[in-house]
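The values are calculated or read from the model by the stated rules, or taken from the named source; none is laboratory data. A quick note: this is a predicted structure, and the numbers were derived from the prediction, not measured. Because the Cβ atoms are built from the backbone with ideal geometry, glycine has one as well, and the counts that use them run over all protein chains shown.
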Amino acid sequence: MDTDRRNLIITGFMGTGKSVVAREVARALDRELVDMDKAIVERAGKSIPEIFRQEGEGQFRVLERQLCQELSEGQGHVVATGGGALVDKMNRELMIGSGTAICLDCSPAELYRRLEGDEGRPMLWDDDPQERLRVLLHERSRAYSEIPHHIDTTHKPVEQVVEEALAIYRAQPQMWRVHSPRGDYQVQVHPGALHHVGALLRTREITPRVVVVSDENVWPLHGQTLMEGLKASDYTATSVVLPAGEEHKRLDTVRTLYDRFVEAGVDRSGAIIALGGGVITDMAGFAAATYMRGVPFVPLPTTLLGMVDASVGGKVAVDLPQGKNLVGAFIAPLLVLLDTNVLDTLPEMEQRAGLAEIIKAGIIDDPELFRRLESEPELPEMRWLVGRALRVKIDVVEEDPYEQGRRAVLNLGHTFAHAIEVLEGYGLHHGLAVSIGMVAAAHLAELRDLCSAETLARITATLRNHGLPTQYDAHPPEAIYEAMQRDKKKRAGRLRLILPRAIGDVIIDSGVSKSEIVAALERIRS
Ligand SMILES: NC(=O)c1ccc[n+]([C@@H]2O[C@H](COP(=O)([O-])OP(=O)(O)OC[C@H]3O[C@@H](n4cnc5c(N)ncnc54)[C@H](O)[C@@H]3O)[C@@H](O)[C@H]2O)c1
Ligand SMILES: [Zn+2]
């Protein structure tokens, strides 16, 4: 499984080596190569000189635009563009927005040497090709200068250009486009992103009416960086700093937010930015979804759980005294930005709890993620971990945006966890309860012959090695079973439990009996 759907776009003037470099880069990254000119030739059923001669340059540009629109979805392709493809502003924005765009440059003299006598280049059909080349280069220089990355290829061997292109690509933020029925949105994993928020809002034509919602713990640590990042692009945002904690995730607090939005004059051309953990994301997101029937929303999650879980998937909610997350909405954020640098200040307990959700993602659908957490003595880089776990969540929510089927798999361990949290009066951290719940689910799977004893042992050991609990005896199995019966996600009176069959493979099981659940809970009593 690939972690990343950014395209890598290689563009530049004819003769700069786009096709060869793109081919080699695609090979190194093991990605599909799309050579735009070749794709157009295939679709049109004729060569480029023939298209130009028979249908004119206009028709060629139409085909090019169509292709750019398709590629802008961002499917992790390596794209070699036609030389003129990104001269068009719309094409350029589509492609730059789909990933990392690199322009290959070359001196005019060297270019002429490379292109001399090539009849397959209709743009150079002229009595004086050298002069024509100079004019074309000049005409296109402005458009090329707007491509974010450049590599000078003059006198460089192809291998070196390929190395440089790979280095640029790898240093860029990871980026995904999430498809959702309420609109697609981008998720970027980008250490240091707080500094660039303003620029990113600018390209999305957000007006200066911006409100930042944060909590009293996060704001003193990261508020200033964010405000500076906004100011750099001339945004003077209003900030609202709320008290921290789940107990504030309720309608009265949302009411305060509405008042502040009115004061700040926010409307649909502005945006609400959430700087905080899942609590802030949920609350600010719910306020943004409902204020004026929806204003643009940008979550900047600051906890590991907020990054891999609460910030994508489009669900936002607040609690009622009767239960958690009972009032909420579905929303498509404008953009989700994950600045993994903010995790440096995260308390150790929050870090560990977030790791439980990352291990969960591995068990659901990413054996490689699980394997690294299982076997490596050091924790892999945060940006890698977050990217992999996020990938799992994105895949699932894209398939089931309104939580009607497959999305239930994200609840691995959660039916047990919610019951334990209720019995503990929410005194046990959610992530720790999820860890216990996953072990219970693995026992249940093993009892039902769905998974091997080895899979059960691997899950238990990996959680334990990361400081997460794998046993629970504070409440008897019967009491946990009773609390599980109040699960919100029951269907037709039956519990739907997520059980592992192997690492990376889980199923939804509605046929589990009470005695099996109790037996699994007995096994984790110590
Ligand atoms: N909408 C969804 O899809 C979804 C999914 C999962 C969870 N949630 C919700 O998320 C909430 C839990 O989120 P959470 O675990 O992030 O809790 P949280 O938002 O309460 O954050 C945990 C604590 O860490 C502090 N904190 C946050 N970032 C910090 C940082 N970078 N440095 C120092 N301190 C920091 C917070 O102030 C808070 O005290 C729950 O309300 C849950 O319902 C929502
Ligand atoms: Zn959870």
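Considering segment 22-77 alone, what residues qualify as being on the phi > 0 side of the Ramachandran plot and in a helix (DSSP H, G or I)?
Here is the first cut: in segment 22-77, the residues on the phi > 0 side of the Ramachandran plot are 30, 45, 56, 74, 76.
Of everything in segment 22-77, just one residue is on the phi > 0 side of the Ramachandran plot and in a helix (DSSP H, G or I), namely GLY56.
Restricting attention to segment 396-423 and to residues that are without any contact (Cβ under 8 Å) to a residue 40 or more places away in the chain and more than 23 Å from the chain's Cα centre (by Cα), the residue that is farthest from GLN471 (Cα to Cα) turns out to be GLU421.
Checking each residue in segment 242-283 for being out of contact with any helix residue (DSSP H, G or I) (no Cβ under 8 Å at 6 or more places or on another chain), of a type in the set (D, E, K, R) and assigned to a helix (DSSP H, G or I) picks out GLU247, ASP252, ARG255, ASP259, ARG260, GLU263. When ARG391 is tested against (1) modelled with pLDDT under 95; (2) out of contact with any His (no Cβ under 8 Å at 6 or more places or on another chain); (3) within 15 Å of ligand 1 (Cβ to nearest atom), only condition (3) is not met.
Among the residues in segment 310-323, are any farther than 26 Å from GLY97 by Cα, surrounded by fewer than 24 Cβ atoms within 10 Å (Cβ to Cβ), within 10 Å of ligand 1 (Cβ to nearest atom) and of a type in the set (A, V, I, L, M, F, W, C)?
Quick first cut of segment 310-323, residues farther than 26 Å from GLY97 by Cα only: 316-323.
Among the residues that remain, those that are also surrounded by fewer than 24 Cβ atoms within 10 Å (Cβ to Cβ) are: 317-323.
Now drop any that are not within 10 Å of ligand 1 (Cβ to nearest atom), which leaves 317-319.
Checking which are of a type in the set (A, V, I, L, M, F, W, C) leaves us with 317-318.
Yes; the residues of segment 310-323 include at least one that is farther than 26 Å from GLY97 by Cα, surrounded by fewer than 24 Cβ atoms within 10 Å (Cβ to Cβ), within 10 Å of ligand 1 (Cβ to nearest atom) and of a type in the set (A, V, I, L, M, F, W, C).
Taking segment 424-442 as the range and being out of contact with any Asp or Glu (no Cβ under 9 Å at 6 or more places or on another chain) and crowded, with 18+ Cβ neighbours inside 10 Å as the test, the residues that pass are LEU432, SER435, ILE436, GLY437, MET438, VAL439, ALA440, ALA441, ALA442. Counting the residues of segment 409-467 that are within 16 Å of ligand 1 (Cβ to nearest atom), among the polar types (S, T, N, Q) and either in a loop (DSSP other than H, G, I, E, B) or touching a helix residue (DSSP H, G or I) at 6+ places or on another chain (Cβ under 7 Å) (or both) gives 2. Looking across segment 281-305, the residues that are within 16 Å of ligand 2 (Cβ to nearest atom) and either in contact with a strand residue (DSSP E or B) (Cβ under 7 Å, 6 or more places away or on another chain) or among the basic types (Lys, Arg) (or both) come down to THR281, ASP282, PRO301.
Residues in segment 501-513 that are surrounded by 14 or more Cβ atoms within 10 Å (Cβ to Cβ) and under 19 Å from ILE480 (Cβ atoms): ASP509, VAL512.
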